[in-house]
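Engineer: Shown below is the structure under consideration.
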Amino acid sequence: MIRLTNLADYAVVVMTAAAKARDPRLAAGSVAAATGLPAPTVAKLMGCLARAGLLTSTRGVAGGFRLARDAGEITLVDIVEAIDGPIALTACGHEASSECAIEGACAVKPHIGIVTRTVREALKAVTLAQLAGSAALEFEEA
């Protein structure tokens, strides 16, 4: 089974909530309340997503987090890679991987890159706007 880490999954939830928010300025506490995710986890994720350039943050009374660009320009692969790093189905499927113990006898390694690129392209084809749909969320003040 191919599976996202919990943090990458939660990051998708956080970004979807940000895309659906009526007010573009978001506090981690209000996102946590709206999504049911733990506030410390949301705060950590929003910081990571900001460092990756997917959210911007502003300090002060009118501050908060907001999407760094339009939801239609942010893809699922952007979000996942911001949290988990480059997509790789196996250790040898990543270009910067270390050597594998069975590398010399492995018949799959020459092909795993194709599989990894295909999965990455599939995730790249899904935008945050598609994930968010059309219904907007109201957030309570934190």
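The values are calculated or read from the model by the stated rules, or taken from the named source; none is laboratory data. Predicted model only: the values in this text are computed from it and were never measured. When we count neighbours, we look across all protein chains shown, and the Cβ atoms used for this are built from the backbone with ideal geometry, even at glycine.
Let's see how each residue does on (1) closer than 18 Å to Leu128 by Cβ; (2) of a type outside the set (Ser, Thr, Tyr):
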position	(1), (2)
Tyr10	yes, no
Ala18	yes, yes
Arg22	yes, yes
Ala27	no, yes
Ala32	no, yes
Ala52	yes, yes
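Matching residues to (1) farther than 23 Å from Leu123 by Cα; (2) touching a Gly at 6+ places or on another chain (Cβ under 7 Å); (3) not hydroxyl-bearing (Ser, Thr, Tyr):
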position	(1), (2), (3)
Leu4	no, no, yes
Leu7	no, no, yes
Arg22	yes, no, yes
Ser30	yes, no, no
Ala52	no, no, yes
Val61	yes, no, yes
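Engineer: Let me ask something else about it. Taking the range 103-117 as the region of interest, how many residues are of a type in the set (Val, Ile, Thr) and either exposed (fewer than 11 other Cβ atoms within 10 Å of the Cβ) or within 25 Å of Ala68 (Cβ to Cβ) (or both)? Step through it out loud before you land on a result.
Structural biologist: Keep residues of the range 103-117 that are of a type in the set (Val, Ile, Thr), which gives 108, 112, 114-116.
Applying the additional criterion that residues be either exposed (fewer than 11 other Cβ atoms within 10 Å of the Cβ) or within 25 Å of Ala68 (Cβ to Cβ) (or both) yields 114.
The total comes to 1.
Engineer: Residues in the range 11-34: is at least one surrounded by 17 or more Cβ atoms within 10 Å (Cβ to Cβ), charged (D, E, K, R) and without any contact (Cβ under 8 Å) to a residue 40 or more places away in the chain?
Structural biologist: Looking through the range 11-34, none of the residues is surrounded by 17 or more Cβ atoms within 10 Å (Cβ to Cβ), charged (D, E, K, R) and without any contact (Cβ under 8 Å) to a residue 40 or more places away in the chain.
Engineer: Could you grab me the full set of residues in the range 42-88 that are outside any helix (DSSP H, G or I), modelled with pLDDT of 95 or more and farther than 19 Å from Arg22 by Cα?
Structural biologist: Those that are outside any helix (DSSP H, G or I), modelled with pLDDT of 95 or more and farther than 19 Å from Arg22 by Cα: Ala52, Gly53, Thr75.
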